[in-house]
Amino acid sequence: MDTNRSEDKQSKSASDQSSPVFYHGTRADLKPGDLIIPGFNSNYGTRKKASFIYLTATMEAATWGAELALGEGSGRIYIVEPTGPIEDDPNLTDKKFPGNPTKSYRSRDPLRVTGEITNWQGHSPEQLKTMKDHLENLKRLGIEAIED
């Protein structure tokens, strides 16, 4: 793992063979080989254009991504591989979970879909409502995702 000292962020190379399996939760209908790229409106806050694409090495975080994504259709969880460097997601690691126990990352480079997890279990309706209420409160407070 390389450390970018000028920004004090950890970054992994896409060619790092010790990389875990990565996931991306969404509502988009994708196929193996498709690229997920930054530049679409965020699912959070005021939905401004996202400069990053997000991925995780845990099914729990991917499940939240699939359930909370905006749009039509069912939530989906894809297995993805980064095509460039990734870094810890400061939205979670700097504010909520120091040390990145959620194994949440982001990249400015596309993610390549390599497969789909079809047998995942969603959260209970109560958990989902609590999370959506929390996100709505953040929106009302004007709290946005970090964009560096």
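Only the coordinates and a few stated rules stand behind these numbers; no lab work does. Since the structure is predicted, the reported quantities are computational estimates derived from the model, not experimental observations. Here Cβ is always computed from backbone atoms with ideal geometry, including for glycine, and neighbour counts include all displayed protein chains.
Listed values, structure above:
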| item | result |
| --- | --- |
| Other-chain or far-sequence residues with amide H under 5 Å of residue 114's (modelled H) | 33, 79, 80, 81 |
| 5 angstrom amide H check on residue 50, placed H, neighbours 5+ away | 39, 40, 41, 42 |
| Ordering of 128-140, 66-78 by burial proxy (mean other Cβ atoms within 10 Å per residue, highest first) | 66-78, 128-140 |
| Full-stretch length increase - residue 69, residue 30 - with 0.36 nm per residue and alpha-carbon distance subtracted | 12.6 nm |
| At R0 = 22 Å, FRET efficiency that the Cβ-Cβ distance of residue 132 and residue 51 yields, to 0.05 | 0.35 |
| Spacing of the two label points (7 Å from each Cα toward its C-beta) at residue 108 and residue 60, in nm | 3.1 |
| Charge tally in the Cβ shell below 10 Å around residue 55, where Lys, Arg are +1 and Asp, Glu are -1, residue 55 excluded | 0 |
